[in-house]
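See structure below.
The values are calculated or read from the model by the stated rules, or taken from the named source; none is laboratory data. Since the model is a prediction, treat every value here as computed from it, not as a measurement. So basically every Cβ, Gly included, is an ideal-geometry build from the backbone, and we count neighbours across all protein chains shown. Note: areas computed on protein heavy atoms with side chains; ligands, DNA, RNA excluded. Shrake-Rupley method; radii C 1.70, N 1.55, O 1.52, S 1.80 Å.
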Amino acid sequence: MNDLFLLLENKKDISPEEIIQKADEILLKEKTNAFAYKAKAYALNQLNLKEEAISNLFFSLKYNKMDFMTCFLLGHFLAQEERFEDAIKVLKESILLHPAQEIAYAALANVLYCTYANQNEIIENIQNALLLNENQNDALNLMHQIFKNEKAFEYHLEKIKEYNLTSERQVQKLKWQFLNEESLIVKKEIMEKALNLMPDDANLNFNMAGALVAMGENNQGILYLEKAIFLNQQERNSNKEKNKDLVYYEYGRLVHYPYTVISAQKMGEFAKEYAALRPLQPQFQFKITANKKRLKIGFVSMDLRFHVVTKFFENFLKSLKNTSLDCYAYTKKDIFDEVSNDLEPYFRRWQTLHSLTDLESARLIHQDNIDILFDLSGMTVGGGLNIFRFKPAPIGVTWIGWLGGVGTPGVDYILVDSTIAKDSHHAKEFVEKPFVLPLTWLLFTPPVHPLPLNEAPVLKNKYITFGAFQNPNKVTEETVDLWANVLKKTQHTKLIYARGDLKDPLLKEYIFKRFEKYAIPNLKERLILKEGENYFLSHYDVDLILDTFPASSGTTAWEACFMGVPTLVQTAELMASKLSAVVLNNCGLQDFVAQSKEEYIFKAQHFVEQFTKHPQQLNALRLNLRQNLLQSPGCNAPLFAQNFEKAMWQMWNDFEQGIYPKI
């Protein structure tokens with residue numbers, strides 16, 4: 001793909017035939033390569049092979065639904081072929097995914113005009129295009145066709161401009177821009193502008209909460225979340241239309257509070273309150289077969305593709321091959337990529353729920369006679385939790401895809417291990433019943449083509465280099481406080497924070513300023529913020545990983561251990577804080593797990609002193625850690641499959657005997 005991209009970028013006179021040839025070469029190796037299909041479609045269109053171009057764009061969308069230009073080109077080509085209904089459908093889907101694209105509204109308005117659609121719908125799309133850009137040529141030209149009289153044109157254009165200048169329309173524009181903006185800093189600024197116009201809008205306050213938490217400003221974000229919940233509750237109380245769909249912003253507590261310091265009991269109270277708002281709505285009867293020999297296990301997920309979830313799922317699926325469990329996939333996202341292609345053969349059935357309602361999805365799952373249904377997306381927007389409320393399977397379980405419970409009736413269990421729920425006190429955060437798997441709650445899938453291990457950088461540098469690769473939303477105020485104090489209280493150490501998000505200079509500047517208030521000596525030389533171009537290769541430059549808090553890193557801790565780099569962790573009561581501790585316990589690195597801020601900083605000081613004086617100790621740990629991980633329960637696929645199979649049959653036997661968890 002990179003070769004094709006460079007070819008298109010650097011050779012403006014490249015022929016369509018050359019593009020097609022290169023795309024075909026790539027597709028022979030990677031049949032799910034969306035970019036290659038798009039490039040081929042563009043070249044085919046140049047050769048006036050419209051139908052072939054359209055076919056390749058449909059394939060491109062299948063493997064990358066989020067690409068706006070693919071959506072737009074497909075809609076444009078379909079319209080040129082007078083396949084107007086298909087064009088309208090594609091353009092509307094494009095707008096749903098990319099609402100701040102003025103050209104999409106203008107294109108949709110033009111296609112609607114060709115079909116003699118309702119004029120109000122045409123004008124609405126013209127209004128939207130002009131809201132985003134008042135000089136949008138395609139929209140203005142279409143208005144000239146609709147209002148051929150110049151005075152009529154000027155009159156209606158003035159009306160549209162007046163309408164688009166209202167607070168409601170300006171806020172709508174800002175909402176669209178917020179959804180399509182990549183910079184976390186700019187997203188916050190957009191919401192600030194919107195709240196200046198409508199400070200008591202529940203949705204805007206909720207969006208601001210999300211924007212702040214995404215930047216690591218978790219405690220400030222919670223203030224906006226609670227205001228959104230209050231305003232939303234007022235709206236619900238005053239709403240007399242019983243059948244009107246209502247949003248319950250209480251779900252934001254399950255999403256955002258894991259990034260704050262909160263007790264397990266308080267988190268459990270939030271989960272119970274949310275569950276009470278969305279009661280169980282069972283729709284089906286079950287035919288229970290006596291003396292079952294096999295169990296049907298369904299998995300509902302939006303992440304059966306290139307995603308972090310599959311790093312803990314692929315080896316697991318392979319390991320179930322010789323068990324009494326039959327797997328069924330129900331994907332909520334209409335994306336099928338190379339990873340999806342690898343996973344599909346392990347399922348008896350692969351069904352896309354993207355175009356179905358939740359009730360239709362539940363009905364389809366029930367028709368497959370699923371015995372135990374898993375949620376693998378948790379509280380992630382677009383996941384399938386609402387399906388579970390219709391109770392399409394006798395038993396519902398949540399696992400892998402979230403950092404805590406989901407507070408959803410119909411989800412009966414949450415799979416954990418003893419690190420996550422070591423006693424009844426720590427289990428209080430869940431409304432689901434914790435089902436404790438022995439040894440580990442998940443199975444890591446190591447990279448297929450791993451980099452070789454390198455020696456610890458301290459051998460050459462003579463000082464310890466800390467590293468961090470976590471998502472910015474985990475770099476909370478508490479995390480910055482931990483990392484800054486570690487730098488301040490250790491001599492000659494450095495911290496490399498590398499993330500793709502740091503390509504945004506505004507975010508890089510923002511993070512640096514958060515550390516400045518700690519008066520760390522030589523901060524500019526010691527805090528290195530850079531875009532992580534090669535994630536695994538970046539581990540070559542660091543001796544120890546500093547984990548985030550209150551939400552730990554999880555996946556990056558597994559991958560760091562695979563690269564020979566241990567992670568220093570602080571745990572608290574919630575599951576979110578213990579995800580990294582799971583892998584450390586698997587590898588026998590309990591000494592790297594702290595229970596408090598003070599212990600975290602003390603351990604950091606201790607390791608710096610120890611490994612600076614005796615760097616060979618750290619190097620020996622580094623060179624052996626990958627093998628320790630691969631030999632641990634977290635990578636032992638046959639053992640995990642055996643334990644998982646036993647767990648499924650225990651759940652089923654309990655169900656048959658009437659031992660059934662209730663929320």
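Output the residue which, of all residues in region 370-385 that are open to solvent by 10 Å² or more (accessible area, probe 1.4 Å) and touching a Ser or Thr at 6+ places or on another chain (Cβ under 8 Å), is modelled with the highest pLDDT.
385
Looking at this structure, is residue 486 in a helix (DSSP H, G or I), within 13 Å of residue 604 (Cα to Cα), modelled with pLDDT of 95 or more and hydrophobic (A, V, I, L, M, F, W, C)?
The answer is yes for residue 486.
Give the residues of region 587-630 that are part of a loop (DSSP other than H, G, I, E, B), in contact with a strand residue (DSSP E or B) (Cβ under 9 Å, 6 or more places away or on another chain) and not small (Gly, Ala, Ser), sorted by residue number. Can you show your working first?
Looking only at region 587-630, we keep the residues that are part of a loop (DSSP other than H, G, I, E, B), and these are 587-589, 595-596, 614.
Those still in the list that are in contact with a strand residue (DSSP E or B) (Cβ under 9 Å, 6 or more places away or on another chain) too: 589, 595-596.
If the condition is that a residue be part of a loop (DSSP other than H, G, I, E, B), in contact with a strand residue (DSSP E or B) (Cβ under 9 Å, 6 or more places away or on another chain) and not small (Gly, Ala, Ser), then 589, 595 are the ones that fit.
Can you name the residue in region 555-577 that is closer than 16 Å to residue 476 by Cβ and either of a type in the set (Lys, Arg) or within 22 Å of the chain's Cα centre (by Cα) (or both) and, of all such residues, is surrounded by the fewest Cβ atoms within 10 Å (Cβ to Cβ)?
577
Under 7 Å by Cβ, and 6 or more places apart or on different chains, what pairs join a residue from region 467-483 that is under 17 Å from residue 520 (Cα atoms) and assigned to a helix (DSSP H, G or I) with one that is open to solvent by 10 Å² or more (accessible area, probe 1.4 Å) and of a type in the set (Phe, Trp, Tyr)?
Note: pairs meeting the criteria are 478/549; 479/549; 482/549.
Among (1) surrounded by 15 or more Cβ atoms within 10 Å (Cβ to Cβ); (2) at pLDDT below 95, where does residue 118 come up short?
Condition (1) is where residue 118 drops out.
Give region 42-56 a look and list any residue that's open to solvent by less than 10 Å² (accessible area, probe 1.4 Å) and closer than 20 Å to residue 334 by Cα, or say none.
Of region 42-56, the ones open to solvent by less than 10 Å² (accessible area, probe 1.4 Å) are 43-44, 53-54.
Answer for region 42-56, where residues must be open to solvent by less than 10 Å² (accessible area, probe 1.4 Å) and closer than 20 Å to residue 334 by Cα: just 54.
Per-residue answers, yes or no, for (1) out of contact with any Ser or Thr (no Cβ under 7 Å at 6 or more places or on another chain); (2) open to solvent by 30 Å² or more (accessible area, probe 1.4 Å):
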{"position": "271", "(1), (2)": "yes, no"}
{"position": "277", "(1), (2)": "yes, yes"}
{"position": "280", "(1), (2)": "yes, yes"}
{"position": "283", "(1), (2)": "yes, yes"}
{"position": "288", "(1), (2)": "yes, yes"}
{"position": "291", "(1), (2)": "yes, yes"}
{"position": "302", "(1), (2)": "no, no"}
{"position": "306", "(1), (2)": "yes, yes"}
{"position": "311", "(1), (2)": "no, yes"}
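So which residues in region 631-663 are outside any loop (DSSP other than H, G, I, E, B) and in contact with a helix residue (DSSP H, G or I) (Cβ under 8 Å, 6 or more places away or on another chain), if there are any at all? Walk me through it before giving the result.
Narrowing region 631-663 to residues outside any loop (DSSP other than H, G, I, E, B): 633-635, 637-656.
Of everything in region 631-663, those that are outside any loop (DSSP other than H, G, I, E, B) and in contact with a helix residue (DSSP H, G or I) (Cβ under 8 Å, 6 or more places away or on another chain) turn out to be 633, 634, 635, 637, 638, 639, 640, 641, 644.
Report, ordered by the first and then the second residue, all pairs with beta carbons closer than 9 Å, sequence separation of six or more or different chains, a first member in region 91-111 that is in contact (Cβ under 8 Å) with a residue 24 or more places away in the chain and within 21 Å of residue 141 (Cα to Cα), and a second member that is of a type in the set (Gly, Ala, Ser) and outside any helix (DSSP H, G or I).
Pairs found: 111/117.
Go over the candidates 306, 336, 299, 313 one by one and state the one that is under 30 Å from residue 27 (Cβ atoms) and modelled with pLDDT of 95 or more.
Testing whether each residue is under 30 Å from residue 27 (Cβ atoms) and modelled with pLDDT of 95 or more leaves just 299.
Which residues, counting only those in region 308-325, are of a type in the set (Ser, Thr, Tyr), within 26 Å of the chain's Cα centre (by Cα) and within 25 Å of residue 293 (Cα to Cα)?
Of everything in region 308-325, just one residue is of a type in the set (Ser, Thr, Tyr), within 26 Å of the chain's Cα centre (by Cα) and within 25 Å of residue 293 (Cα to Cα), namely 319.
I'd like the full set of residues that are open to solvent by less than 60 Å² (accessible area, probe 1.4 Å), part of a loop (DSSP other than H, G, I, E, B), modelled with pLDDT under 85 and not basic (Lys, Arg), limited to region 57-74.
Hit for region 57-74 is 64, nothing else.
In region 325-367, which residues are over 15 Å from residue 301 (Cβ atoms), open to solvent by less than 20 Å² (accessible area, probe 1.4 Å) and in contact (Cβ under 8 Å) with a residue 40 or more places away in the chain?
325, 362
Being open to solvent by 10 Å² or more (accessible area, probe 1.4 Å), of a type in the set (S, T, N, Q) and within 25 Å of the chain's Cα centre (by Cα) narrows it down to one of 552, 538, so name that one.
Answer to the selection: 538.
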